[in-house]
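Just so it is clear, none of the values below were taken in a lab; they were calculated from the coordinates. Keep in mind that what you see is a predicted model, and the values were worked out from it rather than measured. Note: ideal-geometry Cβ built from the backbone for every residue, glycine included; neighbour counts use all protein chains shown.
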Amino acid sequence: MSTSYAMRWLLASTALTLVSVACQSIPYAVAAAQAPAQALTDQAVHDYEAGQQTQALDEFRRAAQQGNRLAQFDYAMMLLAGEGGAPDPQGAVQWLDRAANAGMTQAQYVYGKMYDDGYVVNKSIPQANHWYEKAAQQGHVQAQAAIANEYFIGRGVPKDYKIAFGWYEKAARGGDLPSQYIVASYFERGYGVVTPDLDRARFWYEKAAAQGDIAAQGKLDAFKRQGTADNATSAR
């Protein structure tokens, strides 16, 4: 497994670099004042940002060994990508497993994605869904969208449009563009799950369109044309 391939997988799967994960994941972890080895973890993040990867790798390792779940995740990602040292995919999985079991949501999502893709670990859709749902229950937006997709198509779980809608709605509220479009579609057509509500459909299409979704803008334009046609008919 090449280092460049690992980095491409990480970026494609998480849409986040290690450092931005480190900065954004603190609210999901134990409060900074209570987290074990937090000062060492903060120093590791600082050194990573400064390009001192070998030093950062060592600091993340020591903080991870002391139980800091953010450090466990970041150490795993560095091992996977071969940053600061030789790639160690199996070591990465071990530390990712520890971070995920400690409740670190990004670790849970990435672990699920690994099982989903069969990357480093043996492909297992049930395991993927297990970790997606763990992260989704803690508010991880990408995981909410992922588990929604699984329920929508019945992949590894019983097909259930109602459960899928619930997760899509949570992801949409968290800003996930595809979920916003899907929720709008639910409210437009109902699908036997919700009562059709064009005002709510328009609201979510507007949210998606505001993020640049061309199809959502097309829906809004169609609503506008339909409204103009209805008004013309009523005026006759």
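Put simply, when 135-143, 179-187, 114-122 are sorted by average Cβ atoms within 10 angstrom per residue, most first, you get 179-187, 135-143, 114-122. A simple spin-label model places the labels of residue 97 and residue 66 2.5 nm from each other, with each point 7 Å out along Cα-to-Cβ. Peptides 124-131, 219-226 ranked from most to least packed give 124-131, 219-226, packing being the mean of other C-beta atoms within 10 angstrom over each peptide's residues. Using a 7 Å offset from the Cα along the Cα-to-Cβ direction at both residue 206 and residue 138, what is the distance between the two label points in nm, to one decimal? The two pseudo-label positions are separated by 3.5 nm.
Taking a straight line from the alpha carbon of residue 170, these lysines sit under 17 Å away, with near neighbours fewer than eight places off in the same chain left out: 134, 162, 207.
FRET efficiency for the residue 49 to residue 123 pair, using the beta carbon distance and R₀ = 30 Å, is estimated at 0.30. Peptides 200-209, 152-161, 63-72, ordered by how many other C-beta atoms sit within 10 Å of their residues on average, highest first, read 63-72, 200-209, 152-161.
For the pair segment 112-190 / segment 38-110, the C-alpha centres are spaced 26 Å from each other.
For segment 130-218, the square roots of the Cα gyration tensor eigenvalues, ordered a ≥ b ≥ c, give a/c of at least 1.5 with a/b no greater than b/c, which places it in the oblate category. Residues of segment 109-138 with an amide N closer than 19 Å to a point placed 7 Å from the Cα of residue 173 along the Cα-to-Cβ direction: 133-138.
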